[in-house]
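Below: one structure, written as structure tokens.
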Amino acid sequence: MIHIENLSFRYKNGRKPALDNISLTIHEGEFLGIIGGSGAGKTTLSYAINGVIPHHFPGDFYGSVKVANTDTFDTTPGRLSLKIGSVLQDIDSQMVSSVVEDEILYGLENFSVPGDEIEERLLSALEAVGILPLRYRAIDSLSGGQKQKVAIAAIIALRPKVLILDEPTSELDPKSSEQIFDLLKELNEKYGITIVVIEQKIMLLSEYVKKLAVMDKGRIILSGNVRDVLGHSSELEEIGIHCPRVVSLSNSLRDRGADVGGVWINLDEAEAGIRRLIYD
Amino acid sequence: MINLQNVSFSYNNEKVLSNISLHIDKGEFTAIIGSNGAGKSTLCRIMNGLLKPSSGTVTVNGMDTRTTKSSILARHIGFLFQNPDRQICKNTVGEEIRFSLDIAFTDKSMIEKRLFETLSLFDFDADSNPFHLSRGERQQVALASIIAAEPEILILDEPTTGLDYVECMKIMSIIKKLNDKGITVIMVCHDMEIVLDFAQRILVLAEGRLIADGETREIFKMEEILRQASLLPPQIARLAARFGFDDVFYVDEMTDIVLKRIKNRRKRTG
Amino acid sequence: MKGFFDYVPGSSYLHRLNPLTKLLLALMICIAAFISANHLFLVMLIVLNLGIGAQAGIFTRSVMLLKGLLKLCIIIFLLQVLFIRDGNVLVKLPLNIFITDGGISSAFMVVFRLVTATMPLALMLSITQINDLSNVLVTKLRIPYPYAFALTTAIRFIPVFANEMTGIIEAQTSRGVQLDTRNIFKKIKLVLPLCVPLLITSVRKIEGSAISAELRGFHLRTKNSCYKKYAVNINDICVIMISVVIVGSAILVNSIF
């Protein structure tokens, strides 16, 4: 689905490369989390996938990025957005309308979706993210979580095969953050949309995503199944990524002689592991 | 230090805070938790006099916020906002800190002394341009310029939102250091692990009401209260609760209890 | 603070009109205000404005708008009264200043005109969704889309920037900057440096908006892209005719009196 090969990028006027020799393949139907400290290059990588780089931000671009067999270099971010939908970091500035309905219509209109199909797509997008009652509301009057859902609905109305989100929960409380991730999980499982999400909250990621890629200084230093990645907890700690506490718990039990099996990555696994240890 | 008595606050005819009474003593480290829109930020702004209560009274060191100028209250309370970019308005880190010092002190030698102390506490280069720094570093610059003026109380409105773990720990360790020196800290925070690790006391807000106020570990045991506020206890506490282990919050505590249970089982079966 | 330009949802007669009709009505009232040289007619136009506000369910806002304009009106009124010396002298003040009946008359005229010409546009923006306005500008008036987008983005960002400015003022007040001073010169001196953070945030937000639009096919939009249809019906024709009548009567009143 997404194929990145030896990608390096340096922003014009940038001293160091923002991306340094990245190779990454994301298959259809995956739910991938990207983590890393600030300045690690996560947002730049998302721009490279949706074509904003090199088309919007100039700079030195090496290597190749292919999304659904299209080289991002040969097309425009607008054209690409039919294949890959992007939710940007700043919720407020990415809205182009003042009313929810118009925000969803915007992309549909631009891509000349036929009139009789527009209404149906509008409704199903609102329905899919569970904000049908908000259709006529002013965007200014919504909460952060609701705005985030509007942004996602505006993208999935275009029926992209891939969805890439840049820290969609950064402004949200724990409950709304979980709601957003529940929604992403549903889009991934029910509609088969490939999802790539950049996120600082590793505990949240480990409850939901199947794969993780870890970035540091413009490179991907680890990638794979969540369990394999979190197994390197001391290396992650070194680059400033703090694993969920159940990971530390399984390490600590293992170090003190308990047979924990593999690393526990989330609450359910930790519960099952402890039950096995103390009851079986 | 800070005293709120039957404080309510309405905005556009909507009640944002209703009937809140509380007292915060010198040297406390208090966390305010609650979901988006519960009134946490409003409560902070009520405490430092940016907002005046619609009814009830707020006093800071005995001064009524309704009758005291906000510039005078600012001498006692430092306020760090979530977004440092709303605060930073000078071209170098040194000037930014000096800007706060010029407001707070008149004595030239005092200003120079505090500038030097603050720069070394944070390990800053005075000539660096804040706009070339990362978000986390800018947050530190904002914090530095606030604490340079030596406030007795520090209010932090989501100081770690948008920061990575390292940046987060850097900010929190400085705040901890200040608290150890006796500065009162009040912090809004969404990250329950940070609240657990740093705060001694928690205020739980839900729909503008103070639904719980108590010691950190006690509050994190009140699952029903937290549920009302749409919050969850820290991860290890949640895990412990699934086994009915009481008063377990940290990895070490959980490790000990699990190992003890394993030993007991061996005794019984062996 | 609620702005004067943000959309107030509703389904009044005026809300349901074609955006172009609303724009036309607003412009015609403005034009009538500038043409008319009759005090009574101008006062009637102000009443008409308030009536429009009442019909659209935003009467309170219309009154607030009037109040907001009051300060400016007083300043302009005083300047006019003190510096226009046509007609008969009514009062003689020291420093060789006269107050004349002509001065008072023209001061009232200027103030009335100012009010009548400002209100309609603000009211129109309160009852018209900015996207609808942009859509009719593109589809009916054939204005190139990038210009319409720039216009709508500018208007949409007014409350965002106002919010940002409030946040900046809060942050600075909290660190002890005396923005609550009554000395206007001191205040300006204190507020000016705050434009730095505002500017930086604005540039960042506008950049985000541009990327977001680009990622949703901004460049592919044509004048036929718009999904909503903006039909002109009998109500619109009525209002258009009323607008013409308003300008007509302004001319008529001028020629009679």
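The values are calculated or read from the model by the stated rules, or taken from the named source; none is laboratory data. Predicted, not measured: the structure shown is a model, and the values here were computed from it. Note that each Cβ is placed from the backbone with ideal geometry, even for glycine, and that neighbours are counted across all protein chains shown. Calculation scope for accessible area: heavy atoms of the full protein, side chains included, ligands and nucleic acids excluded. Shrake-Rupley method; radii C 1.70, N 1.55, O 1.52, S 1.80 Å.
Considering every residue within the stretch C:140-160, establish whether at least one is within 14 Å of chain B (Cβ to nearest Cβ) and among the hydrophobic types (A, V, I, L, M, F, W, C).
Yes: the stretch C:140-160 contains one or more residues that are within 14 Å of chain B (Cβ to nearest Cβ) and among the hydrophobic types (A, V, I, L, M, F, W, C).
Of the residues B:Val204, B:Val251, only one is of a type in the set (Val, Ile, Thr) and either more than 20 Å from the chain's Cα centre (by Cα) or modelled with pLDDT under 95 (or both); which?
None of the other options fit; the residue is B:Val251.
Please pick out the residue among B:Arg114, B:Arg98 that is assigned to a helix (DSSP H, G or I), crowded, with 18+ Cβ neighbours inside 10 Å, more than 10 Å from every other protein chain (Cβ to nearest Cβ) and out of contact with any Phe, Trp or Tyr (no Cβ under 8 Å at 6 or more places or on another chain).
Checking each option against the conditions leaves just B:Arg98.
From the list A:Asp166, A:Asp140, which one is within 21 Å of A:Val52 (Cα to Cα), within 13 Å of chain C (Cβ to nearest Cβ) and in contact (Cβ under 8 Å) with a residue 40 or more places away in the chain?
A:Asp166
What do you reckon, is C:Phe257 in contact (Cβ under 8 Å) with a residue 40 or more places away in the chain, farther than 27 Å from B:Phe81 by Cβ and buried (at least 18 other Cβ atoms within 10 Å of the Cβ)?
No, not satisfied.
So, in the stretch B:155-176, how many residues would count as being under 14 Å from the mean Cα position of the chain (by Cα) and within 11 Å of another protein chain (Cβ to nearest Cβ)?
So the answer is 7.
Would the stretch A:251-259 turn up any residue that is in contact with a helix residue (DSSP H, G or I) (Cβ under 8 Å, 6 or more places away or on another chain), open to solvent by 60 Å² or more (accessible area, probe 1.4 Å) and in contact (Cβ under 8 Å) with a residue 12 or more places away in the chain?
Checked against the condition, which is being in contact with a helix residue (DSSP H, G or I) (Cβ under 8 Å, 6 or more places away or on another chain), open to solvent by 60 Å² or more (accessible area, probe 1.4 Å) and in contact (Cβ under 8 Å) with a residue 12 or more places away in the chain, the stretch A:251-259 yields at least one hit.
Going through C:Leu121, C:Leu133 one at a time, which residue ends up being buried (at least 20 other Cβ atoms within 10 Å of the Cβ) and of a type outside the set (Phe, Trp, Tyr)?
Residue meeting the stated conditions: C:Leu133.
Of the residues A:Leu82, A:Leu105, which single one is within 12 Å of chain C (Cβ to nearest Cβ), assigned to a loop (DSSP other than H, G, I, E, B), touching a residue at least 12 places away in the same chain (Cβ under 8 Å) and not polar (S, T, N, Q)?
A:Leu82 is the lone residue from the list that is within 12 Å of chain C (Cβ to nearest Cβ), assigned to a loop (DSSP other than H, G, I, E, B), touching a residue at least 12 places away in the same chain (Cβ under 8 Å) and not polar (S, T, N, Q).
State whether one or more residues within the stretch C:201-212 are more than 14 Å from chain A (Cβ to nearest Cβ) and either aliphatic (A, V, I, L, M) or part of a helix (DSSP H, G or I) (or both).
The answer is no; no qualifying residue exists.
Restricting the first residue to the stretch B:233-257 and requiring it to be more than 7 Å from chain A (Cβ to nearest Cβ), which pairs with a second residue that is open to solvent by less than 10 Å² (accessible area, probe 1.4 Å) and of a type outside the set (A, V, I, L, M) meet a Cβ separation below 6 Å and a spacing of at least six or different chains?
As it stands, the answer is B:Pro233/B:Phe220; B:Ala237/B:Phe220; B:Ala237/B:Phe249, since those pairs meet every condition given.
Restricting the stretch B:2-15 to residues that are open to solvent by 40 Å² or more (accessible area, probe 1.4 Å) and not aromatic (Phe, Trp, Tyr), which is modelled with the lowest pLDDT?
Applying the filter and picking the extreme gives B:Asn12.
Of a type in the set (Asp, Glu) and within 14 Å of chain B (Cβ to nearest Cβ): does that describe A:Glu171?
Judged against the criteria, A:Glu171 is a match.
Determine which member of the set C:Leu121, C:Leu190 is part of a helix (DSSP H, G or I), under 25 Å from the mean Cα position of the chain (by Cα) and more than 9 Å from every other protein chain (Cβ to nearest Cβ).
Checking each option against the conditions leaves just C:Leu121.
Of everything in the stretch B:119-140 that's of a type in the set (A, V, I, L, M, F, W, C) and in a helix (DSSP H, G or I), which residue is surrounded by the fewest Cβ atoms within 10 Å (Cβ to Cβ)?
This residue is B:Phe131.
Out of (1) at positive phi; (2) away from chain A (no Cβ under 14 Å), what's the single condition that is false for C:Gly217?
(2)
Tell me which residues, restricted to the stretch B:64-89, are open to solvent by 40 Å² or more (accessible area, probe 1.4 Å), part of a loop (DSSP other than H, G, I, E, B) and at the interface with chain C (Cβ under 8 Å from one of its Cβ atoms).
Those that are open to solvent by 40 Å² or more (accessible area, probe 1.4 Å), part of a loop (DSSP other than H, G, I, E, B) and at the interface with chain C (Cβ under 8 Å from one of its Cβ atoms): B:Lys69, B:Asn83.
Restricting attention to the stretch A:85-102, report how many residues are without any contact (Cβ under 8 Å) to a residue 12 or more places away in the chain and part of a loop (DSSP other than H, G, I, E, B).
Qualifying residue count for the region: 3.
Mind checking which residues of the stretch A:8-25 are surrounded by fewer than 22 Cβ atoms within 10 Å (Cβ to Cβ) and assigned to a strand (DSSP E or B)?
Across the stretch A:8-25, the qualifying residues are A:Ser8, A:Arg10, A:Tyr11, A:Asp20, A:Asn21, A:Ser23, A:Leu24, A:Thr25.
Does at least one position in the stretch C:34-46 carry a residue that is over 14 Å from the mean Cα position of the chain (by Cα), over 30 Å from C:Ile97 (Cβ atoms) and of a type in the set (Ser, Thr, Tyr)?
Within the stretch C:34-46, none of the residues are over 14 Å from the mean Cα position of the chain (by Cα), over 30 Å from C:Ile97 (Cβ atoms) and of a type in the set (Ser, Thr, Tyr).
Does B:Cys189 qualify as being in contact with a His (Cβ under 9 Å, 6 or more places away or on another chain), within 11 Å of another protein chain (Cβ to nearest Cβ) and open to solvent by less than 20 Å² (accessible area, probe 1.4 Å)?
No; evaluated as a whole, the condition is false for this residue.
Got a number for residues in the stretch A:186-218 being open to solvent by less than 10 Å² (accessible area, probe 1.4 Å) and over 22 Å from A:Pro174 (Cβ atoms)?
So the answer is 6.
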